[in-house]
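Single-structure report; data block below.
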Amino acid sequence: MTTATRTFAVYVSDIAIDLCDYGSQYAGDGRLVCRQRNYDSLFRFAKNLALNRAIPLRDYTRSAVQY
């Protein structure tokens, strides 16, 4: 599936910000903050949110990447 047809979601918990494919089996304990199809925009949002909260960003859309 290309990024043009995928929908991405940001989940927030006390320990991390999770960026995932929306509709996949999310196993974390975070709550859904937003979802959209533009990965770059959502990644910037998630990264800024993680920086502001001083917690790691976990990007599950590519591999087990942490920022």
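The values are calculated or read from the model by the stated rules, or taken from the named source; none is laboratory data. Please read all numbers here as calculations on a predicted model, not as lab measurements. Neighbour counts are summed over all protein chains in view; Cβ atoms, including those assigned to glycine, are modelled from backbone coordinates with ideal geometry. Keep in mind that these areas ignore ligands, DNA and RNA; they rest on the heavy atoms of the full protein, side chains included. Shrake-Rupley method; radii C 1.70, N 1.55, O 1.52, S 1.80 Å.
From the list Ala46, Ala9, Ala54, Ala16, the lone residue that is in contact with a Phe, Trp or Tyr (Cβ under 8 Å, 6 or more places away or on another chain) and modelled with pLDDT of 95 or more is Ala9. Against the test of being free of Cβ contacts under 8 Å to residues at least 24 places away in the same chain, open to solvent by less than 80 Å² (accessible area, probe 1.4 Å), of a type in the set (A, V, I, L, M, F, W, C) and out of contact with any Cys (no Cβ under 7 Å at 6 or more places or on another chain), the options Leu49, Leu19, Leu57, Leu32 yield a single qualifying residue, Leu32.
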